[in-house]
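Data block below; observations after.
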Amino acid sequence: MAAAEPLGDVIALKIQELRRRQSEPRPLVRIDNREAAANAPFQFDTVEARLHRNGCRAIPSGSRTALYGLWQIPPQARQYACAVCRPEADDEDEMASDGVTDYVFGVLSVIDQFGSVIRERGREFRESAEGRQLKAGLDGLFRNLEDRERATLQVVLTSLDGLLATIADLDKSFDGTQSHNGNGTQSRNGDGGHP
Amino acid sequence: MRHRDDRNTNRPAASAPRGSGTSRGLDRHSGLALPGGASWQPDPAEIERVDTLIRGYREDVLACLEPAVRTHYPELLDNPGEEYRKMLELSTKMTLVGHACCEIAGYPYDERRRLNGILFGCCCFLADSFIDDFGPDATREYLERIELLLTTGWFDVRTEREQLFYAIIGRLFAARDVLDPILRQAILLLFEAQRRDTELRLGGDVAALPRREQLALLRRCARDRSGHAITVLTGFVAPEIELSILPYLFTAGALIMHIDDHGDCYSDLRHGRLTYLNQVRNPAATLRKIFLDHIARLHAGLPANAGRDLMVAFLTRYFLTRLEKHKLEKQRSDSAWAVYE
């Protein structure tokens, strides 16, 4: 007999089931950054321990399968600079400076993509014994908050609500000419918005 | 890092004769004299530490993986081919290598990081089984599905084995920022290396190449497979990988693969799998040279810390046990799994 399934496993597997409910599933998360890495301004050869500019002719053919794309030169990597191409900080590209907004858009894209399913699950959960218990707990928590904390929470919730409404308006105004949630597009530096 | 047959499933600490970590032991058991007094030569106490750690990690691995297997793929526990035990042994080895990598990266190997090492070992074992064990068509299909997972995050779970695989991946991805630029590149480089290796094996083109090119290609394939795997492992156990240690991690991974391939020489040949070490004319001497070159490079290039010492001791131990395994396998036609038990 199978043992009890940890909650994290259940969630991970349930998320995969959502794919079957979508006629044209959009990407959930893109780990693949091969294209962005190949176009990064610097390439680090892990075989020879050598830092090159992208496209340097001194990169050995035997190292092509072991190159890491870099957008900036870390201080400890300067000692590995190739003598042929002499990589300099001038060529550094911008890493994602907008990491926080990427997170917001990430959350919104999930809500956008799975909104109907999440709402449906929310309704079911609210009616369940656990849901009622949680609601009572949240009500109690809210009652016990100080005025200032309650006001802060209200501002956060209102802002999120407003942001969702704005995104929905923007989405409509695109009139279907762009990718629905932007998930399929490359981020500027290809690192997925790593802060 | 592959597992087919008895691949990667040995118990390096448990299987090597006592005292074999010294240069005297090397002489006695392998017949391959190594230069005495080399600066990298591990202290016998460090070899003992490998033994002790392996014993403890074997229990940790069991405690972590058995509930997961019981939940998602209970049939594996009753598998007559000892696949479950092999999975535990590979994960144990990965946990120990993860320990060395984590400390090399400059971080303590705490319980959470150890857990990631165990999960990664299990993940490798299952991913390799998809690629190795179900025939060429399934191999190609799995590569496509794993690429889909990496490019979109979607993985259509069809069997209990796949359910276990995905649950393990889910835990790993939840435990670590998988979008770290170096880690995600390492994952994709590992995938590409696996795909090249598979194409080489299924296409059979390597046999048609001139011998020199054939050997170079096989050597590079071995290097990349395990070189990238150890980088991914480090990415999962350490919060950050400094660029300065990347080449040495890669070197350590490549050495593990060559040692593995020598130990699996006869079973690989029985399955028609070409590797660099089963194609060179004098494999034991070739491996000895590779071992000496790689281990000296690691010792000189890595920061002098406990992680480096553990890695060097493990690799020395592993080299010895796989030489021994190669010899024993030559004498037996059966699988060498019994060597370790």
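The values are calculated or read from the model by the stated rules, or taken from the named source; none is laboratory data. This structure is a prediction, so every number in the text was calculated from the model and none was measured. Neighbour counts are summed over all protein chains in view; Cβ atoms, including those assigned to glycine, are modelled from backbone coordinates with ideal geometry. All accessible areas refer to the heavy atoms of the entire protein, side chains included, with ligands and DNA or RNA removed. Shrake-Rupley method; radii C 1.70, N 1.55, O 1.52, S 1.80 Å.
Entry remark, region A:38-74: residues being over 18 Å from B:Pro247 (Cα atoms) and out of contact with any Asp or Glu (no Cβ under 8 Å at 6 or more places or on another chain) number 6 in total.
Of all residues in region B:157-168, those satisfying the criterion of being open to solvent by less than 10 Å² (accessible area, probe 1.4 Å) and in contact (Cβ under 8 Å) with a residue 40 or more places away in the chain are B:Leu164, B:Phe165, B:Ala167, B:Ile168. Looking at region B:245-259, which of its residues are under 14 Å from B:Tyr276 (Cβ atoms) and at the interface with chain A (Cβ under 10 Å from one of its Cβ atoms)? Across region B:245-259, the qualifying residue is only B:Ala254.
Somewhere in region B:180-188, is a residue surrounded by fewer than 23 Cβ atoms within 10 Å (Cβ to Cβ), more than 7 Å from every other protein chain (Cβ to nearest Cβ), acidic (Asp, Glu) and not in a helix (DSSP H, G or I)? No, that holds for no residue. Number of residues in region B:129-152 that are within 13 Å of chain A (Cβ to nearest Cβ) and over 23 Å from B:Ala238 (Cα atoms) equals 7.
Of all residues assigned to region B:77-88, at least one qualifies as being part of a helix (DSSP H, G or I) and within 14 Å of chain A (Cβ to nearest Cβ).
When the residues of region A:52-69 are filtered to those that are aliphatic (A, V, I, L, M) and more than 8 Å from chain B (Cβ to nearest Cβ), which remaining residue is surrounded by the fewest Cβ atoms within 10 Å (Cβ to Cβ)?
Among those that are aliphatic (A, V, I, L, M) and more than 8 Å from chain B (Cβ to nearest Cβ), it is A:Ala58.
Only residues that are assigned to a loop (DSSP other than H, G, I, E, B) and open to solvent by 40 Å² or more (accessible area, probe 1.4 Å) were counted in region B:42-76, giving 1. Residue check: A:Arg86 meets all listed conditions (1) open to solvent by 30 Å² or more (accessible area, probe 1.4 Å); (2) more than 9 Å from chain B (Cβ to nearest Cβ); (3) within 24 Å of the chain's Cα centre (by Cα) but one, namely (3). When B:Ile146 is tested against (1) surrounded by fewer than 20 Cβ atoms within 10 Å (Cβ to Cβ); (2) more than 25 Å from A:Gly69 (Cα to Cα), exactly one condition is not met: (2).
In region A:23-37, of all residues being at the interface with chain B (Cβ under 7 Å from one of its Cβ atoms) and of a type in the set (A, V, I, L, M, F, W, C), the one that is farthest from B:Leu183 (Cα to Cα) corresponds to A:Leu28.
The residues listed here are B:Cys102, B:Cys123; of these, the one that is within 14 Å of another protein chain (Cβ to nearest Cβ), buried (at least 18 other Cβ atoms within 10 Å of the Cβ) and either touching a Phe, Trp or Tyr at 6+ places or on another chain (Cβ under 8 Å) or modelled with pLDDT under 95 (or both) is B:Cys123. The condition (being small (Gly, Ala, Ser), facing another protein chain (nearest Cβ under 9 Å), part of a helix (DSSP H, G or I) and open to solvent by 60 Å² or more (accessible area, probe 1.4 Å)) is satisfied by just one residue among B:Ala207, B:Ala174, B:Ala216, B:Ala193: B:Ala174.
Within region A:47-81, the residues that satisfy the criterion of being of a type in the set (Ser, Thr, Tyr), closer than 20 Å to B:Leu189 by Cα and over 29 Å from the mean Cα position of the chain (by Cα) are A:Ser61, A:Ser63.
If you check B:Leu183, B:Leu209 for being at pLDDT below 90 and either farther than 14 Å from B:Ala229 by Cβ or aliphatic (A, V, I, L, M) (or both), only one passes: B:Leu209.
Only residues that are open to solvent by 40 Å² or more (accessible area, probe 1.4 Å) and polar (S, T, N, Q) were counted in region A:23-50, giving 2. Helices (runs of 4 or more DSSP H) fully within region B:247-301 that include at least 3 residues being open to solvent by 10 Å² or more (accessible area, probe 1.4 Å) and out of contact with any helix residue (DSSP H, G or I) (no Cβ under 6 Å at 6 or more places or on another chain): B:283-301. Looking only at residues of region B:235-244 that are in a helix (DSSP H, G or I) and either among the aromatic types (Phe, Trp, Tyr) or within 10 Å of another protein chain (Cβ to nearest Cβ) (or both), we find that the one that is most open to solvent (accessible area, probe 1.4 Å) is B:Ser244.
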